[in-house]
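Below is one structure; the comments refer to it alone.
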Amino acid sequence: MAGESKYIHNALKQVHLETSCTTVNGFSISGLATYLQFPELDFVVDMGECPLSATSINHVFLTHAHGDHARCLMRHHSLRKMMGVERDSVYYLPEMIVDGAKEWIRSEAMFEGVPETKFRLPEIFAAEPGKMVSLKYRKDLTLKPFCVKHSVPTMGATLFLHKRKLKEEFLGKTASEIIELRKNNVEITREVYEPLLSFTGDCLGESLIQNQEIFKSRILVTECTFLDDEDEAMSRKKGHTHLQHIVDALNKFDDDITCEKIILTHFSMKYSERHIREIIEKNVPEKFKEKVIPFI
Ligand SMILES: [Zn+2]
Ligand SMILES: [Zn+2]
């Protein structure tokens, strides 16, 4: 029923969504392209296409090497140069794909006729699961990658807002008391990491269960390639999530879920927008209906 509309999706026609901490601009349909720009966080997830709106963003995270997520990585780098952006972006890649990416980037440059002496790799950072790293140009944002299960090596990550807060015991103090404490070198603040954004990359539904902490992020972006009942077996075979797996996770974690929005991406191109909205409306439990939003 949804099959007749497979050619309507347009990867350069961006979807826009407002959240309490950032706008989300981009596109994500399985096999065509995925790129999700979070301009207020100076951050992009994946680069399956590179519209001009992505070129001003300094940090790019690639979840995995599949073409619909990765193919415009170098386009991002070269478009920035063309537009006179002097600062190099930082490209965060799962450590398992870094060597392959470097070879690919070099081959592409040679193919384009760049002289060996002029070739220079962009700044690539090897993301390791569990290892926290501050974004190069946004020291208030800290990235914590995690592994997910897909048909190729893939990582998601959580982006935390890193700040210092007054310790509980000093909350009632006056300004002059605080100044006095500071003078006496008393440590009055503590470090706080507030999870703003989690994204999973392409993954099996079980990866949601294995990474339960992503449901504590203000914004969760997770893939939902398959929707129809008869596609459940296909989702496991291809290493993707079926809507039913998301519903299962919602029911399992229930009140522990503190996300403000759960954004579903990467729908199979065989589904029409209308079909996607209808199936989600029909299957998402009532208490999560306002939180769960299809990115279409
Ligand atoms: Zn994909
Ligand atoms: Zn993939």
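The values are calculated or read from the model by the stated rules, or taken from the named source; none is laboratory data. Keep in mind it's a predicted model, so treat the numbers as computed, not measured. Cβ sites come from the backbone with ideal geometry, for glycine too, and all protein chains shown count toward neighbours.
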Filter result for the condition that a residue is away from ligand 2 (no atom under 16 Å from the Cβ) and closer than 23 Å to Ser217 by Cα, over Val44, Val85: Val44
Verdict on Ile214 being touching a Cys at 6+ places or on another chain (Cβ under 9 Å), within 30 Å of Lys136 (Cα to Cα) and away from ligand 2 (no atom under 16 Å from the Cβ): yes
Ile8, sole failed condition from (1) within 21 Å of Leu196 (Cβ to Cβ); (2) modelled with pLDDT under 95: (1)
Residue within the range 258-275 that is surrounded by 14 or more Cβ atoms within 10 Å (Cβ to Cβ) and part of a helix (DSSP H, G or I) present: yes
All positions within the range 85-113 that are among the aliphatic types (A, V, I, L, M) and either surrounded by 14 or more Cβ atoms within 10 Å (Cβ to Cβ) or under 27 Å from Met132 (Cβ atoms) (or both): Val85, Val90, Leu93, Met96, Ile97, Val98, Ala101, Ile105, Ala109
Residues satisfying the stated conditions in the range 122-178, i.e. under 30 Å from Thr241 (Cβ atoms) and among the aromatic types (Phe, Trp, Tyr): Phe125, Phe146, Phe160
Any hit, the range 234-248, residues being charged (D, E, K, R), at pLDDT 95 or above, over 22 Å from His16 (Cα atoms) and touching a strand residue (DSSP E or B) at 6+ places or on another chain (Cβ under 7 Å): no
Checklist (1) touching a Cys at 6+ places or on another chain (Cβ under 8 Å); (2) among the hydroxyl-bearing types (Ser, Thr, Tyr); (3) within 16 Å of Leu135 (Cβ to Cβ) applied to Tyr35, failing item: (3)
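Report, by residue number, each residue of the range 92-125 that is part of a loop (DSSP other than H, G, I, E, B) and of a type in the set (Phe, Trp, Tyr). Explain how you work it out, then say what you get.
Looking only at the range 92-125, we keep the residues that are part of a loop (DSSP other than H, G, I, E, B), and these are 112-115, 119-122.
If the condition is that a residue be part of a loop (DSSP other than H, G, I, E, B) and of a type in the set (Phe, Trp, Tyr), then Phe119 is the only one that fits.
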